Amino acid sequence: NAGVTQTPKFRVLKTGQSMTLLCAQDMNHEYMYWYRQDPGMGLRLIHYSVGEGTTAKGEVPDGYNVSRLKKQNFLLGLESAAPSQTSVYFCASSHLAGFEQYFGPGTRLTVT
Amino acid sequence: KQEVTQIPAALSVPEGENLVLNCSFTDSAIYNLQWFRQDPGKGLTSLLLIQSSQREQTSGRLNASLDKSSGRSTLYIAASQPGDSATYLCAVRKETSGSRLTFGEGTQLTVNP
């Protein structure tokens with residue numbers, strides 16, 4: 001039981017490049033989330049999903065897109081990376097709303 | 001807008017000491033509150049989830065209390081150990097937001113041998 005996994009662990013992008021972060025969970029959770037963590041800002045919710053085929057905006061959604069084609073996977077895309085998107089990205093999942101959230105190990109992204 | 005504050009930002013204690021970490025939130029209309037631990041360069045590990053109707057939750061040497069009306073929660077760690085060194089984060093879930101968590105910036109704890 002791997003819990004929540006994230007791919008890749010590290011990535012360096014140049015401004016304007018695109019990439020996709022993959023999150024996978026094997027706990028059969030309905031809800032999945034993408035957060036970013038920045039010094040002095042704490043963790044902030046980017047997008048989330050309440051089930052397969054659904055997505056919703058969080059606190060800081062601009063510049064990101066997401067997809068939940070399969071229940072176990074939640075993808076975060078950056079279409080045109082900007083230096084302001086340099087951050088550590090965390091994926092999380094929970095059984096339902098209000099339940100404990102379980103986090104992945106994070107992806108450290110640097111945009112130059 | 002919900003704001004979550006954790007004081008102090010950093011705390012250093014000798015091994016064996018009992019300690020309290022504080023978390024305050026501005027909007028008392030919360031569904032529950034979750035305490036996490038984050039080790040350097042790692043993800044978050046859930047420690048305790050305390051529902052708005054509960055006063056406290058315990059897990060081993062950890063005890064979390066919640067005073068919803070005053071907007072406060074505390075995490076009590078008994079008999080601290082060097083392995084407890086980490087950043088501790090609290091997060092609140094607002095009643096109307098369902099699953100969204102609002103995080104504090106954390107307290108960085110160092111337990112010295």
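The values are calculated or read from the model by the stated rules, or taken from the named source; none is laboratory data. Please read all numbers here as calculations on a predicted model, not as lab measurements. With ideal geometry, Cβ positions are generated from the backbone for all residues, glycine too; neighbour counts draw on all protein chains shown. Ligands, DNA and RNA are excluded from the accessible area calculation, which covers all protein heavy atoms including side chains. Shrake-Rupley method; radii C 1.70, N 1.55, O 1.52, S 1.80 Å.
The mean accessible area for residues of segment A:1-91, using a 1.4 Å probe and ignoring ligands and nucleic acids, is 49 Å² per residue. Label reach from A:SER80 (point 7 Å along Cα→C-beta): in segment A:26-69, amide nitrogens under 18 Å belong to A:61-66. Counting every pair of alpha carbons in chain B, the share spaced more than 17 Å apart comes to 50 percent.
Other residues whose C-beta falls under 9 angstrom from the C-beta of B:TYR31 contribute a net charge of +1, scoring Lys and Arg +1 and Asp and Glu -1.
Entry note, chain B: relative contact order of 37 percent, from Cα contacts under 8 Å with a spacing of 6+ residues.
Once C-alpha pairs closer than 8 Å and six or more residues apart are averaged by separation and normalised to the residue number of segment B:68-113, the relative contact order reads 42 percent. Remark: the protein assembly as shown is approximated by an ellipsoid whose semi-axes, taken from the C-alpha gyration tensor as √(5λ), come to 29, 20, 16 Å, largest first. Its convex hull of Cα atoms gives segment A:7-53 a direction-averaged projected area, equal to a quarter of the hull surface, of 4.8 nm². Within the accessible area of chain B, the carbon and sulfur atoms contribute 46%, probe 1.4 Å, all protein chains present. Between chain A and chain B, roughly 1600 Å² of accessible surface gets buried, counting both sides and using a 1.4 Å probe. Panel note: the C-alpha atoms of chain A, placed on their principal axes, show extents of 37, 28, 26 Å (largest first). Within segment B:69-88, list the residues whose amide N lies under 12 Å from a label point set 7 Å along Cα→Cβ of B:VAL13. Those under the cut-off are B:75-82, B:84-86. By the Stokes-Einstein formula, at 1.306 mPa s and 10 °C, segment A:52-109 with its Kirkwood radius over alpha-carbon pairs has D equal to 123 µm²/s. Count Lys and Arg as plus one, Asp and Glu as minus one, and take only other residues whose Cβ is under 13 Å from that of B:LEU11; the net charge is then -2. Restricting attention to the protein assembly as shown, lysine pairs at least eight places apart or on different chains and with alpha-carbon atoms under 21 angstrom apart total 8. Averaging the sequence gap over all C-alpha pairs within less than 8 Å and six or more residues apart, then dividing by the number of residues, gives segment A:14-112 a relative contact order of 33 percent.
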